[in-house]
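Structure first, commentary second.
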């Protein structure tokens, strides 16, 4: 089975990766794509568009590398469970980018945390989780 | 792994059972509890409380038997995938009854459809799905 595991660096997203790993272990293997979306306009990069193209590219590449490096832990968790793991970092608006990627990849299951990095109350679904649940055509596993 | 598969007789709930079956197959087996909650006050049983106790019990038993009989199809789908299946019908308010059962059973995963039998738009999560996602302590897989 092919899993699409969404990651945003939060402890909740790491728990989602751990749940995905549990599934992979129970299935005796599988494929997992770890996807992180870097959303530039919300990352404090104000005035970004006024920078020269090369400077913009450099900043984007830096952010992508940082995101990739930050995915070592969920990657390890999934690999130890027996998954073949691919790490993907995309730049764009979070929800549409996730949905578009899911449509291309067509995973058997999308795995995500119930809330992201914002200061959202324990019991309430995060906005991104809610939107992915509404828009994704594939089954979504939500991990608390 | 232990799955709790919620069922309400809708085609969407049957798709959820089929997705659960896919998981069971990929895992080479597993346990699945098929849970249906009969909510009396919304089932047209007005004036129910004015009936004699034995009559109430008879009506409840009838409803439970009907619900059990209606679970043959998802049961078959799960069994064919290699699951050990238990069917459970409970009477009560839908969401609290599901959450309480999940807390007792402590499944590895709750599987449910994104919407129930009401006339809810394709892309919007059903109210019960939304509430279970908010209240369940276990991972929830939502199937479209």
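The values are calculated or read from the model by the stated rules, or taken from the named source; none is laboratory data. A quick note: this is a predicted structure, and the numbers were derived from the prediction, not measured. Neighbour counts run over all protein chains shown; Cβ positions are idealised from the backbone, glycine included.
Could we say that residue A:35 is closer than 25 Å to residue B:2 by Cα and at pLDDT 95 or above here? So residue A:35 does not fit the description; no. Count of the stretch B:52-95 residues, restricted to those that are in a loop (DSSP other than H, G, I, E, B) and at pLDDT 95 or above, is 3. Picking from residues in the stretch A:1-16 that are within 12 Å of chain B (Cβ to nearest Cβ) and in contact with a helix residue (DSSP H, G or I) (Cβ under 6 Å, 6 or more places away or on another chain), the one that is farthest from residue A:69 (Cα to Cα) is A:1.
If you go through the stretch A:108-135 and keep only what is surrounded by 22 or more Cβ atoms within 10 Å (Cβ to Cβ) and either part of a loop (DSSP other than H, G, I, E, B) or modelled with pLDDT under 90 (or both), you end up with A:114, A:115. For the stretch A:2-15, the set of residues classified as modelled with pLDDT of 95 or more and either over 19 Å from residue A:102 (Cα atoms) or more than 10 Å from the chain's Cα centre (by Cα) (or both) consists of A:2, A:3, A:14, A:15, listed by residue number.
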